[in-house]
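The values are calculated or read from the model by the stated rules, or taken from the named source; none is laboratory data. Just so it is clear, the model here is predicted, and its values are computed rather than measured. Here the Cβ positions follow ideal geometry from the backbone for every residue, glycine too, while neighbour counts run over all protein chains shown. For accessibility, only protein heavy atoms count, side chains too; no ligands or nucleic acids. Shrake-Rupley method; radii C 1.70, N 1.55, O 1.52, S 1.80 Å.
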Amino acid sequence: MLFLIMTALLILPVLIILATLIYKGGPAISWEFLFDDPREGMTAGGIFPALVGTIWLVAVALLVSVPLGVAAALYLSEFAPDNWFTRFINLCIINLAGVPSIVHALFGVGAFVLFFGFGTSILAASLTLAIMTLPIVIVATRESLQAVPLAFREACWNMGATRWQTIHRVVLPNAVSGILTGVILEVSRTTGETAPIMFTGAAFFLPFLPTSVFDQTMAMSLHLFVISTQVPGVPDHLPYGVALVLIAMVLTMNAASIGLRMYLRGKKKW
Amino acid sequence: MHEPIMNETRAANGGNGHDAIFTRDLNLWYGDFQALFDVNLAIKDGMITSLIGPSGCGKTTFLRSINRINERLGYVRTEGSILVFDTDIYGGEVELAQVRKQIGMVFQRPNPLPISISDNVLFGFQLHGEGRTRMHKSEKEEIVEAALKQVLLWDTVKDRLDSKATELSLEEQQKLCIARLLPVKPTILLMDEPCSALDPKGTEAVEELIWELRGDYTIVIVTHNMAQARRASEECIFMLMGKVVEHTATEDMFVTPAKKETADYIEGRYG
């Protein structure tokens, strides 16, 4: 009974948030809202540039952080000797996960916008997001790699498999669903982040679609912040509508990843 | 590229009666702890040799150093040499993959990969066949059938080759683990207490299989079970505290042990 109540307490906030958003933001949703530019000082019109911008930001961030994070986890779990240097790297990863996002933002400004000279652009913002979410990918990947039983690896080594053959044929196929879980988490986090992109690439108001990674862009999360607090006279349903779309994006991507995971799990014979 | 050399040597030696494994002053340390002391052994080709001794006497360590699986631990240091058919397997020019291909290992707990039965049998073969043209389906089927027949498993599993290997009984799994070593044509099979996870019936079946394989392969089997060593081996090595105490024909060891320690162990005074 106690556990039932605790479970209910977990579900309740989610339901309340979703219900409020659908109730208040639902009426705002329309084709025009999704596929039109904001108009009249962002008090009317749609969110299309922000929607596209967020997709750009997340996609570029994933392109950077997933290969890098998976490779790092592979190294740490399969190749790295257990010495002070490896332990130091692990410590750094844990600390990286604990750095507040606004600090990441300032780092992004210093490193990508100024030092590398990318300017405020999608590239700079995505790289900042990638660095921020790297620990999620690394930790999730490393854990799923280490969950592959030692017996499987030993069986492989004993038949003369090289380290890479073992990873490629036995370890990775068994770990892929866990890695995808990490990517799901990362997508959700990246989509919603506001602080890291605020100074590095997301624009207040820019009713054009980006054409390359060196353009600035609008983004859903920042747009929500702007119309909720910075612009007077925004009708009530607009911010709720934006929030609803944002959450729907995250949930859709999660659902897609979960679907892919289930498909992969069903396909592999173990 | 080393495998042909090894096989030629094997042919030159003329099979039975020669040394398959020969160690010279083998010493091994786990960090600061010395696990093997000056092990000098000559294990004969085509015979079943059992390794007995109390827990921690180094028998498993010795076994695991023959196919260099100990190295994975990282903190292991080995001195001396191990010759397998006259090739020093710790020599610089030897490829690890070839050593492991030549020397198969069976573990205490059966460890089939969680893929289908036939994929398990083909796994090692495909590992080493990489880079060459794709095998025909019929060729694969032949390999699977031959290996499973050799381990006396074919009749029980022939109708479900595509089902998961992990669904088999422990006895069948252990036989499968032996079967999957065979397609790469090893010369030596190392077995680390292969029956300790099995029930008496399974033990009997696997022992029977090991006896069948005698002659075709050199088999080294670590066991805790004195009766098993006596039943299922031709030569026997008794180890104690990392040292080899006695190495003779099995019947001699159990009837007239030369050393007092051996006699004490066999009679169950420690272990």
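Would you look at the GNM of chain B, springs on alpha carbons closer than 10 Å, and say which of B:Gly46, B:Gly124, B:Gly74 moves the most?
B:Gly74
Hey, what's chain A come to in accessible area per residue, 1.4 Å probe, Å²?
I get 50 Å² per residue for this part.
Which value, in square angstrom to the nearest 100, describes the accessible area buried between chains A and B on both sides, using a 1.4 angstrom probe?
Interface between A and B: roughly 2000 Å².
What are the extents of the Cα atoms of the protein assembly as shown along their three principal axes, listed from largest to smallest and rounded to whole Å?
Here the spans come out as 103, 56, 51 Å, largest first.
May I ask you to give the average projected area over all directions of the convex hull of the Cα atoms of the range B:3-266, in nm² rounded to one decimal?
Approximately 14.5 nm², given one-decimal rounding.
Counting only DSSP beta bridges with both residues in the protein assembly as shown, tell me the antiparallel percent, nearest 5.
On the way: 27 of 46 bridges.
Just about 60 percent of them are antiparallel.
Just which residues of the range B:69-113 lose 30 Å² or more accessible area with every protein chain there, against their chain alone, with the probe set to 1.4 Å?
Residues of the range B:69-113 that lose at least 30 Å² of accessible area once the other chains are added: B:Ile69, B:Arg72, B:Arg100, B:Phe107, B:Asn111, B:Leu113.
Nearest 10 degrees is fine. How inclined is helix B:200-213 to the longest principal axis of chain B, computing both from alpha carbons?
Result, in degrees: 90.
Under 10 Å, Cα contacts only: if you run a Gaussian network model on chain A, which one of A:Leu15, A:Leu129, A:Leu74 comes out with the highest mean-square fluctuation?
Ranking A:Leu15, A:Leu129, A:Leu74 by mean-square fluctuation puts A:Leu15 first.
For chain B, modelled as a Gaussian network with Cα springs under 10 Å, which listed residue fluctuates most, B:Gly58, B:Gly242, B:Gly80?
Result for chain B, Cα springs under 10 Å: B:Gly80 fluctuates most.
Straight-line reach from B:Lys140: which aspartates and glutamates fall under 20 Å, measuring Cα to Cα and dropping same-chain residues less than 8 apart?
Within the straight-line cut-off, B:Lys140 pairs with B:Asp119, B:Glu130, B:Asp155, B:Asp159, B:Asp162.
Enter the accessible area per residue of the range B:18-75 (Å², integer; probe 1.4 Å; all protein chains in place).
Per residue, the range B:18-75 has an accessible area of 36 Å².
Below 8 Å between Cα atoms, with a sequence gap of 6+, how large is the relative contact order for the range B:3-266 in percent? Let's see the in-between values first.
Numbers: 477 pairs, mean separation 71.4, N = 264.
Value for the range B:3-266: 27 percent.
For a quick check of your reading of the filter: which trypsin sites (Lys or Arg not before Pro) in the range B:169-271 sit in a DSSP loop and have no more than 15 other Cβ atoms within 10 Å?
B:Lys259, B:Arg269
For A:Lys24, list the aspartates and glutamates whose Cα falls under 19 Å from its own Cα; do not include residues on the same chain fewer than 8 positions away.
Within reach: A:Glu32, A:Asp236.
Using a 1.4 Å probe on the protein heavy atoms, what percent of the accessible area of the protein assembly as shown belongs to carbon and sulfur?
Here it works out to 62 percent.
Over 28 Å between C-alpha atoms is what I'm after, so list which of B:Lys44/B:Lys260; B:Lys44/B:Lys259; B:Lys59/B:Lys149; B:Lys158/B:Lys185; B:Lys44/B:Lys101 land there.
Table pairs above 28 Å Cα-Cα are B:Lys59/B:Lys149.
Just check the range A:1-154 against the gyration tensor rule for me: Cα atoms, a ≥ b ≥ c as the square roots of the eigenvalues, rounded for a/c under 1.5, and otherwise prolate or oblate depending on whether a/b exceeds b/c.
oblate
What lysines sit close enough to B:Lys201 to cross-link, taking a C-alpha to C-alpha distance under 16 Å and skipping anything fewer than 8 places away on the same chain?
B:Lys175
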